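The next block holds one structure in the form of structure tokens; read it before the comments.
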Amino acid sequence: MKLHGYYRSSTSYRLRIALELKGLDYEYVPVNLLTSEQKGEAFTSRNPFGSVPLLEAGGRDRVQSMAQLEWLDEAHPDKPLLPADLEDRYTARELAYAIATELHAPLNLPVLKYLTNEYGKSQDEIGEWYRHWLARTLDPLEARLAQLGTGDFLFERPGFFEVCLLPQVYNARRFGFDFSDKPHTTRIEQACQALPEFQRAHPDNQPDNPERS
Ligand SMILES: N[C@@H](CCC(=O)N[C@@H](CS)C(=O)NCC(=O)O)C(=O)O
């Protein structure tokens, strides 16, 4: 299995966590978003969306991270990401798709570039934009976690939800988002970060991270 991704891409980070949690071996192939490698013909001929991650698995190229996660769990049912219980699966999807559909889209690199290039927005204004959209989903997410009475993880071990949460929290922290009123979110973040699977998947530990020693 090959994962084409970028160290700081939250969707690539989702896939790295999932592969680690499932104990699946994979080769990591860096795609440099800063040089727009994802828009080059060599890449778009395989993924017309021109985005990472691209997962080479089961004899074909697979794109779109949520579909990739669902496929991984169906094709490799050991160490499932989604819980066995129907209602628990619903809850995991409810929260994971809130992050993937409401939160990721307005915070993606092309959107931020567009705000700068077409509307002349400054870095401070971009930061405000970013934190505004984060709060729109992370505030209700925190309230939902409180309602559900979660512990260190949504369920007994990390899975589909945590795979989506941790990358978004990592990005939010880069943009100075204040988590001081989010004890449930930060408890889950800390519990995940203590696990070797999450540490191996972290952007700091990827070969294409220029700051990696
Ligand atoms: N819906 C897609 C979004 C993928 C996506 O936006 N990836 C980002 C990195 S997190 C990317 O490649 N951005 C560069 C670009 O779109 O040019 C997915 O879930 O896979």
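Every number in this text was worked out from the coordinates using simple rules, so none of it is lab data. All values derive from a computational prediction rather than experimental measurement. Note that we place each Cβ from the backbone using ideal geometry, even for glycine, and neighbour counts take in every protein chain shown.
Protection proxy ranking, highest mean first, for peptides 26-38, 134-146: 134-146, 26-38, where packing is the per-residue count of other beta-carbon atoms within 10 Å, averaged. Only one residue of THR150, PHE43, PHE175 has its Cα farthest out toward the positive end of the dipole of the chain, where Lys and Arg carry +1 and Asp and Glu -1 on Cβ, and that residue is PHE43.
Under a model in which nothing but the beta-carbon of Lys, Arg (+1) and Asp, Glu (-1) is charged, the chain shows a dipole of about 360 debye around its Cα centre.
By the rule of a C-alpha distance below 25 Å, with chain neighbours fewer than 8 residues away ignored, the lysines paired with LYS79 are LYS2, LYS22. Per-residue extension of 0.36 nm, minus the Cα-Cα distance of TRP71 and THR44, leaves a gain of 7.6 nm for this segment. Model label points for GLN199 and ALA105, set 7 angstrom from Cα along the Cα-to-Cβ axis, are 3.8 nm apart.
Applying both filters, DSSP loop and at most 14 other Cβ atoms within 10 Å, to the trypsin sites (Lys or Arg not before Pro) of region 156-213 gives ARG212. In order along region 6-13, the phi-based Karplus estimate (6.51 cos²θ - 1.76 cosθ + 1.60, θ = phi - 60°) of 3J(HN,Hα) comes to 10, 4, 8, 5, 5, 6, 5, 5 Hz; Gly and Pro are listed as x. With Cα atoms as the point set, the radius of gyration and Dmax of region 26-91 evaluate to 14.7, 44 Å. Across the chain, C-alpha contacts under 8 Å between residues 6 or more apart give a mean separation that, scaled by the residue count, equals a relative contact order of 26 percent. By DSSP, the beta bridges lying fully in the chain are antiparallel in about 65 percent of cases. Here the Debye sum runs over all C-alpha atoms of the chain as equal scatterers in vacuum, and log10 of I(q)/I(0) at q = 0.13 Å⁻¹ comes out as -0.74. The charge dipole of region 2-80, taken about the Cα centre with unit charges on the Cβ atoms of Lys, Arg (+1) and Asp, Glu (-1), comes to about 200 debye, rounded to the nearest 20.
Most tightly packed first, judged by the mean number of other beta-carbon atoms within 10 Å of their residues, the peptides 94-101, 45-52 read 94-101, 45-52.
Once the convex hull of all Cα atoms in region 138-198 is built, its volume per residue stands at 80 Å³.
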